[in-house]
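Please read the structure below before turning to the comments.
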Amino acid sequence: MYHVILVNLSADARCVAAQAYVEKRALPPDALADLLRDFCEIDPIENAVADTEIRVKVGGNSYLLRTEQKKLILYDAHRRDLPGQIFTVAQAMEELDGSAAKARAQTILLARGETEPAPTGPVAVAPPPVLSSKSRVIALAVMAGLMAAGLWLVAPEKAAGPPAGFVPLAPEEWAERQAGLAGVYLTGSEPGQHGIVVTDPEQLKLFELGTVAAPRVIYAECRLGRLGGQLGFATDQPGGFIEITADGNLAYSGEIFQRVP
């Protein structure tokens, strides 16, 4: 159930109502979804001059929703320093009910699992679990959407080769460093944040955290080496070089990827 407050809106959220403050307690999910759909259909001219919003409290979380171009803009009321996220009604409901956050957490856990060394002894194999349809959808969020940061989005063609001046490490030196570099690196844990998974000495995985949606992932060929004395990965992706910073994180395409502990 949701505690909902409509600000400068009519009780059905279909039109602007200046100075209105309508409170709805114990609103079921279907009723909230209907309210959000009506809110998205509000007259854009009226909405442009009115400070309309819907506030939602659920559990210990508080959210603020606005609308523009028939989409919802969702803000975390406790983290107003964070930018709003643009969602459809269905995506917003997944954020509000927590299923999207669980999917992102599962994405990170499974990505971390890919970097764990394989067991050396015999392992008992458990039968595969029977997943509900919703669980299958959440599982599909692993390695979420197509990477959208910087050059990956605007220039999807692969790079012709390593950048000029790049000197690859010898295989034995890479083997010494692999254990310390393997892992999951994230720019953040919110929707739209990006990640890099380092597993194979010649391949990286680039992904974007999102809501529960069919995933795509970029597999990038890479070589570990030095460019101008700086250690990093040369990749076949536009933007090329992924720098390994002094604190053990990654810098790529204008973003810092912090290693997940």
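What net charge do the residues around F166 carry, taking every other residue with its C-beta under 9 Å from that of F166, with Lys and Arg at +1 and Asp and Glu at -1?
+2
Could you tell me which of rounded, prolate or oblate describes segment 50-101, using a ≥ b ≥ c as the square roots of the eigenvalues of the alpha-carbon gyration tensor, with rounded for a/c under 1.5 and, failing that, prolate when a/b is larger than b/c and oblate otherwise?
Details: a/c = 1.63, a/b = 1.18, b/c = 1.37.
In terms of gyration-tensor shape, oblate.
In whole angstrom, how far apart do the alpha carbon centroids of segment 67-114 and segment 225-242 sit?
Centre-to-centre distance over Cα atoms comes out at 32 Å.
Summarise the accessible area of segment 1-101 (1.4 Å probe, protein heavy atoms) by the percent that is carbon and sulfur. Numbers along the way, then the final one.
Numbers: 2790 of 5510 Å².
Accessible surface attributable to carbon and sulfur in segment 1-101 totals 51 percent.
Ordered by packing density, taken as the mean number of other Cβ atoms within 10 Å over each peptide's residues, highest first, how do 95-108, 66-79 rank?
Highest-to-lowest ranking by the protection proxy: 95-108, 66-79.
The values are calculated or read from the model by the stated rules, or taken from the named source; none is laboratory data. If you're wondering where the values come from, they're calculated on a predicted model, not measured in any experiment. We place every Cβ from the backbone using ideal geometry, glycine too, and count neighbours over all the protein chains shown. Heads up: the accessible areas ignore ligands, DNA and RNA and are worked out on the full protein's heavy atoms, side chains in. Shrake-Rupley method; radii C 1.70, N 1.55, O 1.52, S 1.80 Å.
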